[in-house]
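Trainee: Encoded as C-alpha cells, here's the structure I'll be asking about.
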C-alpha cells in the first residue's frame, strides 16, 4: 500500500556543489599566484574543512526552510484567513464555557462521578452520531451547514448563561444542554474538518491542519485562564454569556466565505453510504491502525481532562484559579505539540503516533502522583503535547490517505475514535475515581495507553508503507 504525502519534487543541488568548487578554485588561484594546476588540486584535496556540503545535507536545509515557509503560506487563501480569525475568537469562548461548566457541576455536586457523567453526555452523541454527520458532510454545502451548527451552538450557550445568571440552573439542566451540544458537534466537527481541504487545497492541507491545531490550543491557553479569573470574580454565567457572543465572529467569517460549486456525486441511501464509509476505513490498513490507537488512547488516557477539577480541588487543594492554571498548562503543551506537528519530517510521520502515545501514557502516570501545583503544571505540558501529536499526526495521515468521496466519513470515524471515545473514558474514570481515588484511576488509564502503544508498534512493523521521496 502506498500513501502519498504531498507531491514529489526532486531537487538537484549539483549546481550548488559545482559553484562551491569553482569558488574554492578562484580563491586558491588568487592566494598562490603562480601555483600550477596540479598544486591547486593537491591543496583542494587536502582541505576537508572547505569541502562542499553533501547533497543530502543541502536538501535537508532547503527542506527545513521550505517547510517553515509553507506553514504560513496557508494564509494566502482568503477563505482560510476568514476561517482562522473567526474560529480563534469562537474557540476562546468555547474553552471558557468548558472550564466554567465543569467547575459549576463540581461546585454543585462535589461528585467526581457526576463530573465525568456530564462530560460523558456532552460527547457520547459524537460517538453514535458522527458517522451520520460525516455522511452529511459528503453530501451538502459544508459552509451552509456550519452556519446552522454554529448558530445552534450560540443558542445553547445563551440558554445556559441565562439559567446560570438567574441562579436557577440545576445539574440535570446542565447535563441536558451538554447532551444537546454533543448532537450539534456530531455534525459540526466532521463538516468543519472536511472543509479544510476545500479552503486550502491538497498541497497546503498538512500545514493547515497544523495551524488549526495551533489555533485550537492557543484558544485553550487563553480561554481557561480568563475563565478561571471570571469564575472567581463574577461567576460561571458570565463565561457562558461571553461564549454565546463569541459565535458572532465565526458566523461572520462563514457568511463572507466563497467557494466554487461542488460537483454533485451519485447518492445512495444514507445508511448504505454510512456502511460504505466504515468498510472503506476498515479495509485501509494504515487508516485502521491509526484509528485503533487513537481510540485506545482516548478512552483510557484523554479522559483525564474531565478529572482536572477533582485534581485541582482535592489533590492540589486549590480553587478555580488552580483549575484554570492546569487547563492553561494543558493548552500550552498542546500548542507546543501543534508546532512540532508542522516540523515532523514525512519519513517519521507514520511512527509519530506510536511514539506520542507511549510518551502520553508515561506522562499521565507521573502527573497522577503529583501533589504540588507547579509540578503538576510542568507535567501537564508534555502530557498535552503528546496527546496533541497523537491526534494531529493521525488526522494528517487519514486525510492524506482518504479518497475525496470518503473524506467526510473517514474524518467522522476519526472524530468517533478521538472525541467519541472520551465520554466512555470519562464515565469509566469517574467510576474508578469514586472507589479507588482520582490518582489511581488516571494511573491505570496511563498504563493501558502504554500497552496500546506497544501493541501498535509491533503491528506497524508488519505493515509496508511507502512514502514518496523517503
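Trainee: Hey, fewest Cβ within 10 Å first, where do 404, 173 land in order? Provide the component values of the computation, followed by the final result.
Mentor: On the way: 404 11, 173 14.
Sorted ascending by nearby Cβ count, the order is 404, 173.
Trainee: Something else about it: With all distinct Cα pairs included, what does the Kirkwood hydrodynamic radius of region 140-280 come out to in Å, to one decimal, could you say?
Mentor: For region 140-280, inverting the mean 1/r across all distinct Cα pairs yields 17.6 Å.
Trainee: Can you compute the modelled spin-label distance between residue 261 and residue 435, with each label point 7 Å from Cα toward Cβ, in nm?
Mentor: About 6.1 nm separates the two model spin labels.
Trainee: Same structure again: Can you bin every Cα-Cα distance in region 76-460 into 20 Å intervals starting at zero and give me the percent of pairs per bin, rounded to whole numbers?
Mentor: 30, 62, 9
Trainee: Now a separate question. In what order do 429, 245, 326, 177 fall by count of nearby beta-carbon atoms within 10 Å, going from fewest to most? Provide the component values of the computation, followed by the final result.
Mentor: Values: 429 31, 245 15, 326 25, 177 21.
The fewest-first ordering by Cβ neighbours comes to 245, 177, 326, 429.
Trainee: Could you tell me the center-to-center distance, by alpha carbons, between region 85-163 and region 313-347 in angstrom?
Mentor: Between the Cα centre of region 85-163 and that of region 313-347, the gap is 20 Å.
Trainee: Tell me, what is the percent relative contact order of region 76-460, built from C-alpha pairs under 8 Å that lie six or more residues apart? List each step's numbers first, then the result.
Mentor: Details: 653 pairs, mean separation 115.1, N = 385.
30 percent.
Trainee: Quick one: length gained pulling residue 404 to residue 128 fully straight, 0.36 nm per residue minus the C-alpha distance?
Mentor: That pair, residue 404 and residue 128, stretches by 97.0 nm at full extension.
Trainee: Same structure, new question: Highest mean first, how do 190-203, 337-350, 286-299, 379-392 rank when packing is the count of other Cβ atoms within 10 Å averaged over residues?
Mentor: 379-392, 286-299, 190-203, 337-350
Trainee: What does the extension gain come out to for residue 73 and residue 458, with contour length at 0.36 nm per residue minus their alpha carbon separation? Can you show the working numbers first?
Mentor: Details: separation 385, 0.36 × 385 = 138.60 nm, distance 3.72 nm.
Gain on extension, residue 73 to residue 458, equals 134.9 nm.
Trainee: Which shape class applies to region 108-174: rounded if a/c is under 1.5, otherwise prolate when a/b exceeds b/c and oblate if not, where a ≥ b ≥ c are the square roots of the Cα gyration tensor eigenvalues? Could the numbers behind the result be given before it?
Mentor: Working: a/c = 5.16, a/b = 1.62, b/c = 3.19.
Verdict is oblate for region 108-174.
Every number in this text was worked out from the coordinates using simple rules, so none of it is lab data. Because the structure is predicted, anything quoted here is derived from the model rather than measured. Here Cβ is always computed from backbone atoms with ideal geometry, including for glycine, and neighbour counts include all displayed protein chains.
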